[in-house]
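Below is one structure, written out as structure tokens, with a few remarks after it.
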Amino acid sequence: MITHNPKMQVLQKQIETSSKEELTLMLYEGGIKFLNQAIIAVEKNDIVKSNNLIQRVEDIVREFQITLDHKYEEISKPLDTLYDYMYHRLVEANLQKDVEILNEVLDMFREMRDTWKEAMKLAKGA
């Protein structure tokens, strides 16, 4: 993918050189960023922008779901259930333009991101 946008070029390079663990962290960070922006858009009654941002978060949640390694069922099954819940809450928030639901999902994203960061630290130390 060739782009002339400097920001996109930097992001593309970062994606190409990142580990799977770092890419997962980037997705959590992106979800948090988009949720924060969606909350602002809903508060400003910008229906189109909020819809687009919430759909981006839905795409991230679906990406997490489809990349789950189901051979570790004791971890993947509860995560799949959680991701499914998050996705449905996002759809509901989008339909209702509900900031409270977006904040609920934002809290989940932050907690999962923080847990992921800690797991990365532990894995590096092992």
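The values are calculated or read from the model by the stated rules, or taken from the named source; none is laboratory data. As the structure is a prediction and not an experimental result, all values here were calculated from the model. Quick reminder, even Gly has a Cβ in these numbers, built from the backbone with ideal geometry, and neighbours come from all protein chains shown. When the accessible area is computed, the model is the full protein with side chains, heavy atoms only, and any ligands, DNA or RNA have been set aside. Shrake-Rupley method; radii C 1.70, N 1.55, O 1.52, S 1.80 Å.
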* **His88 in a helix (DSSP H, G or I) and open to solvent by 50 Å² or more (accessible area, probe 1.4 Å)** => yes
* Asked: Of all residues in the range 64-112, which are over 25 Å from Glu22 (Cβ atoms) and either of a type in the set (A, V, I, L, M) or in contact with a Gly (Cβ under 8 Å, 6 or more places away or on another chain) (or both)?
  -> Val91, Ala93, Leu95, Val99, Ile101, Leu102
* Structure fact -> Filtering the range 104-126 down to residues that are closer than 18 Å to Gly30 by Cβ, touching a residue at least 40 places away in the same chain (Cβ under 8 Å) and open to solvent by 60 Å² or more (accessible area, probe 1.4 Å) yields Arg110, Trp116, Lys117
* To do: Take Asn45 and decide whether it is farther than 23 Å from Ala123 by Cα, part of a loop (DSSP other than H, G, I, E, B) and open to solvent by 20 Å² or more (accessible area, probe 1.4 Å).
  => yes
* Asked: Could you give every pair whose Cβ atoms fall below 7 Å, whose first residue belongs to the range 51-80 and is surrounded by 14 or more Cβ atoms within 10 Å (Cβ to Cβ), and whose second residue is of a type in the set (S, T, N, Q), counting only separations of at least 6 or pairs across chains?
  -> Asn51/Asn94; Leu53/Gln37; Ile54/Asn94; Leu68/Ser76; Asp80/Gln65
